[in-house]
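**Student:** Pasting a structure below so you can have a look.
The values are calculated or read from the model by the stated rules, or taken from the named source; none is laboratory data. Being a predicted model, the structure only gives us computed values, none of them experimental. Cβ sites come from the backbone with ideal geometry, for glycine too, and all protein chains shown count toward neighbours.
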Amino acid sequence: MKRRKMLELSTLAGFSAAGLSLAAPWFSGIGHAQNNNGKFWIFITANGGWDPRFHFDPTLNVEQNRIYTDIGKTGNISFATIDATPDEFGLDEGQESAYLNPERFVERFGKRLTVLNGVDTSTNNHDAGQRAVTCGSIQEGLPAMGAMLAATYGADMPLPFVSFGGYDKTFDLAPLSRIGSTNLLRDLAAPNLLNPQDDNPTRYHTDATWDRLRTAQQERLAELLDGQGLPKLQRSMGALIDARATDGQLSALQVPTPIDLPGNLNGAENLVRSGQLAVSGFKSGLAVAANLSIGGFDTHGNHDQNQRRSIIQLLTGVGALMDVIEDEGMTDSVYVVIGSDFGRTPHYNGDGNGSGKDHWPVTSYLVMGPGVPGDRVIGATTNEQTARNIDPKSLDAGDSGTKLTPGQIHSALRKLADIDPDVASAYPVVGDELPLFS
């Protein structure tokens, strides 16, 4: 078959967006660029619903904040003056610089950061909120933006969209690679090596024998596919053929030595290690987009302590990731979009120190990347933590205009990324296009 027959299957009438899962885009016209445009994207989800009042939408309203008594500001970006002590993260006295609180984060990255406050997600549901972060809609049926990027720019890549958590549905628009282990990825990149971590690894087979085995596997699969009449099995087998035809490209992946952070900054460490693999995939020409995630934000109890620590873990991990991107010489190539399911209520659910906050639809996004205006805050909330309107042209907060929504944010992100028009029109988001990143 062979390749022609397999490609013909992808255009059979009646196939929808949930059809073939091939390295090539599933329907004709998608994927106007077969190679990457030199830009890469990382989407980070703070799982559980963060509290923007504890980072870059601060307030001194005591009903919403019981732990800090002044608001800091660097440039145009205001921040909550939350902090920790070294011992809270198992660090020695004087090691405060090992982690980032909001103040140190904005000091380091504020000139590259756009903060979007007062984003109305219209949901208190975790699943819907996590969809909104990476696809721009709380409704089911839209792929994550990473899949759109993969279809547009990564059609010939073996790992165009990698995910370490968060909403990552593709609807077979592009292949998805869920990766949970550095060692697993190393093994996949070198399947003929007994232990790829050895300096002089032992091979299972000679190179010539390995090539013959791979050729025989592909021919055998093609023969089986020729005799298969069930569409579901045709799709699965076609995807396997295509994957095996490109898996040799994984040998180009340089799996990095995992970063070790001091103390018990485990959330930050896991985040940056996932980011290392994503950046390595970008630099190796194997990937174009990645989802990362970090948990600990669903603070229905003990909100002040747990939310504060989780925010610091997140900012520390993002800061370490930005260092990785800079060390790899990719500062002008990588976009980072950070969001959460939703926000937390504008009041505590109890009077004691262990009380928490519940789900609230108004939240924030953080965006950095080449061409994204820095030292910029768009959108705002009222003292009651409701979203204020913004003017569609000036983006100034006021009484008239429009509320900022995930759909509007993703519409602007799609424009910034120059997503293939056929992909974008197949999966529209709701909301006027706003000049958020111009």
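**Student:** Restricting the search to segment 256-269, which residues are under 24 Å from Asp198 (Cα atoms) and either surrounded by 20 or more Cβ atoms within 10 Å (Cβ to Cβ) or free of Cβ contacts under 8 Å to residues at least 24 places away in the same chain (or both)?
**Tutor:** Those that are under 24 Å from Asp198 (Cα atoms) and either surrounded by 20 or more Cβ atoms within 10 Å (Cβ to Cβ) or free of Cβ contacts under 8 Å to residues at least 24 places away in the same chain (or both): Thr257, Asp260.
**Student:** Being of a type outside the set (Val, Ile, Thr), buried (at least 17 other Cβ atoms within 10 Å of the Cβ) and either out of contact with any strand residue (DSSP E or B) (no Cβ under 9 Å at 6 or more places or on another chain) or on the phi > 0 side of the Ramachandran plot (or both) is the filter here, so list the residues in segment 320-341 that pass it.
**Tutor:** The one that is of a type outside the set (Val, Ile, Thr), buried (at least 17 other Cβ atoms within 10 Å of the Cβ) and either out of contact with any strand residue (DSSP E or B) (no Cβ under 9 Å at 6 or more places or on another chain) or on the phi > 0 side of the Ramachandran plot (or both): Ala320.
**Student:** Go through segment 421-433 and count every residue that is assigned to a loop (DSSP other than H, G, I, E, B) and at pLDDT 95 or above.
**Tutor:** Selection size over segment 421-433: 3.
**Student:** Moving on. Which of (1) under 18 Å from the mean Cα position of the chain (by Cα); (2) more than 21 Å from Gln385 (Cα to Cα) does Gln139 not meet, given it meets every other one?
**Tutor:** (1)
**Student:** Further question on the same structure: Using beta carbons and a limit of 6 Å, which pairs, at least six apart or on different chains, have the first residue in segment 414-425 and in contact (Cβ under 8 Å) with a residue 12 or more places away in the chain and the second one in a loop (DSSP other than H, G, I, E, B) and among the aliphatic types (A, V, I, L, M)?
**Tutor:** Within 6 Å, the pairs are Asp420/Ile30; Asp422/Ile30; Val423/Ile30.
**Student:** For segment 91-109, what are the residues that are crowded, with 19+ Cβ neighbours inside 10 Å and either at positive phi or of a type outside the set (Phe, Trp, Tyr) (or both)?
**Tutor:** Matches in segment 91-109: Leu91, Leu100, Asn101, Pro102, Arg104, Val106.
**Student:** Name the residues in segment 40-74 that are assigned to a strand (DSSP E or B) and under 26 Å from Met330 (Cβ atoms), would you?
**Tutor:** Phe40, Trp41, Ile42, Phe43, Ile44, Thr45, Ala46, Thr74
**Student:** If you don't mind, another one. Search segment 191-215 for residues that are closer than 19 Å to Pro258 by Cβ and pair each with any residue that is outside any loop (DSSP other than H, G, I, E, B) and basic (Lys, Arg) when their beta-carbon atoms are under 9 Å apart and the residues are at least 6 apart or on different chains.
**Tutor:** Listed pairs, sorted by first residue: Pro196/Arg186; Gln197/Arg186.
**Student:** Would you mind telling me which numbered condition in (1) within 36 Å of the chain's Cα centre (by Cα); (2) polar (S, T, N, Q); (3) part of a loop (DSSP other than H, G, I, E, B); (4) modelled with pLDDT of 75 or more Gln218 fails?
**Tutor:** (3)
**Student:** Within segment 382-413, track down each residue that is assigned to a strand (DSSP E or B) and over 25 Å from the mean Cα position of the chain (by Cα).
**Tutor:** Residues satisfying the conditions are Asn389, Ile390, Ala397, Gly398, Thr402.
**Student:** Let me ask another. What's the total number of residues in segment 294-317 that are without any contact (Cβ under 8 Å) to a residue 60 or more places away in the chain, buried (at least 24 other Cβ atoms within 10 Å of the Cβ) and part of a loop (DSSP other than H, G, I, E, B)?
**Tutor:** Residues flagged as without any contact (Cβ under 8 Å) to a residue 60 or more places away in the chain, buried (at least 24 other Cβ atoms within 10 Å of the Cβ) and part of a loop (DSSP other than H, G, I, E, B) within segment 294-317 amount to 0.
**Student:** From the list Ala84, Ala46, Ala80, Ala98, which residue is touching a strand residue (DSSP E or B) at 6+ places or on another chain (Cβ under 9 Å), farther than 24 Å from Ala289 by Cα and modelled with pLDDT of 95 or more?
**Tutor:** Ala80
**Student:** How many of the residues in segment 63-75 are in contact with a helix residue (DSSP H, G or I) (Cβ under 8 Å, 6 or more places away or on another chain) and either farther than 19 Å from Asp351 by Cβ or not charged (D, E, K, R) (or both)?
**Tutor:** Qualifying residue count for the region: 6.
**Student:** I've got another one for you. Might you let me know whether segment 318-339 holds any residue that is over 26 Å from Gly371 (Cβ atoms) and touching a residue at least 60 places away in the same chain (Cβ under 8 Å)?
**Tutor:** no
**Student:** For segment 75-155, which fully contained helices (runs of 4 or more DSSP H) count at least 1 residues that are polar (S, T, N, Q) and closer than 23 Å to Phe342 by Cα? Talk me through it step by step, then tell me what you get.
**Tutor:** Working: elements: 102-109, 126-135, 145-153.
So the answer is 126-135.
**Student:** Sticking with this structure for a sec: Taking Thr152 as the residue in question, decide whether it is surrounded by 18 or more Cβ atoms within 10 Å (Cβ to Cβ), touching a His at 6+ places or on another chain (Cβ under 8 Å) and at pLDDT 85 or above. If you could, list the steps in order and put the result at the bottom.
**Tutor:** On the way: surrounded by 18 or more Cβ atoms within 10 Å (Cβ to Cβ): yes; touching a His at 6+ places or on another chain (Cβ under 8 Å): yes; at pLDDT 85 or above: yes.
Criteria met by Thr152.
**Student:** Tally time: how many residues in segment 241-298 are more than 17 Å from Gln313 (Cα to Cα), at pLDDT 80 or above, out of contact with any Phe, Trp or Tyr (no Cβ under 8 Å at 6 or more places or on another chain) and of a type in the set (S, T, N, Q)?
**Tutor:** 3
**Student:** A follow-up question, please. When you scan segment 384-405, do you find a residue that is buried (at least 22 other Cβ atoms within 10 Å of the Cβ) and of a type in the set (Lys, Arg), even just one?
**Tutor:** No: segment 384-405 contains no residue that is buried (at least 22 other Cβ atoms within 10 Å of the Cβ) and of a type in the set (Lys, Arg).
**Student:** Sort through Val367, Val372 and tell me the only one that's among the β-branched types (Val, Ile, Thr), outside any helix (DSSP H, G or I) and surrounded by fewer than 24 Cβ atoms within 10 Å (Cβ to Cβ).
**Tutor:** Among Val367, Val372, only Val372 is among the β-branched types (Val, Ile, Thr), outside any helix (DSSP H, G or I) and surrounded by fewer than 24 Cβ atoms within 10 Å (Cβ to Cβ).
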